[in-house]
Amino acid sequence: MSRSNAPAERERMAELLHAALFELPVHDIDRHAKVLSLIGEVRHPDSVPFLERFVWLEDAQLLPPEVREGESGGSCGRVESWRVLQARAAQLLVWVSRGAHLDRVRRILYEHPDIRVRVATIDACVDATGDDPRMLGALREMARVEACG
């Protein structure tokens, strides 16, 4: 790819990855994990809303019927595998946005029902700031608010 075509190629690659991310429900967890990793590698700013949307998918959108139907039958461990994908998407939202879109990150921290997704977001925030004491303090305050609420 020539340098003059690089931005267009990167944008096209991001579009293809976004389309692959939303081939739902997720039947192949490993494939979706690879798609998420590639989105992180491309690090295209247009990925942010797609990652956010993926983080907030409902079970009915994310999980295949055989897993959804088995939820009440003790397949909780199977459901956790799909949650890991959402946690990874939350991490990548922080990574791809390069510290922007704090409103989206805060919403995940305050409102997401799954603790794995919230913890992954915190981990990504800490990593993105190089363990900045101010970020650690802000995250600590957010955690306190949740613990009290």
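The values are calculated or read from the model by the stated rules, or taken from the named source; none is laboratory data. This is a predicted model, so every value here is computed, not measured. Methodologically, a virtual Cβ is constructed for each residue, glycine included, from the backbone with ideal geometry; neighbour enumeration extends over all protein chains shown. With ligands, DNA and RNA removed, areas are computed over all heavy atoms of the protein, side chains included. Shrake-Rupley method; radii C 1.70, N 1.55, O 1.52, S 1.80 Å.
Details
- Ala19 paired with Asp131, simple spin-label distance in nm, labels 7 Å along Cα-to-beta-carbon: 4.4 nm
- Ignoring the sites themselves, the chain has its longest run without GluC sites (Glu not before Pro) in a DSSP loop having at most 12 other Cβ atoms within 10 Å at 59-149.
- In the chain, the portion of solvent-accessible area held by carbon and sulfur atoms comes to 53 percent [1.4 Å probe, whole percent, DNA, RNA and ligands not counted].
- Take the chain with all the other protein chains still there, run a 1.4 Å probe, and you get 59 Å² of accessible area per residue.
- Extension reserve of the Asp46-Glu111 stretch, reckoned as 0.36 nm per residue once the Cα distance is removed: 21.1 nm
- Its Cα centre serving as origin, the chain has a Cβ charge dipole (Lys and Arg +1, Asp and Glu -1) of approximately 420 debye.
- Pairwise FRET efficiency - Glu11 versus Ala60, Cβ, R0 = 35 Å, nearest 0.05: 0.65
- Neighbour-limited loop hits for trypsin sites (Lys or Arg not before Pro), the range 86-125 (at most 13 other Cβ within 10 Å; DSSP other than H, G, I, E, B): Arg98
- Positive dipole terminus of the chain, leading residue within Ala100, His112, Ile39 (C-beta point charges): Ala100
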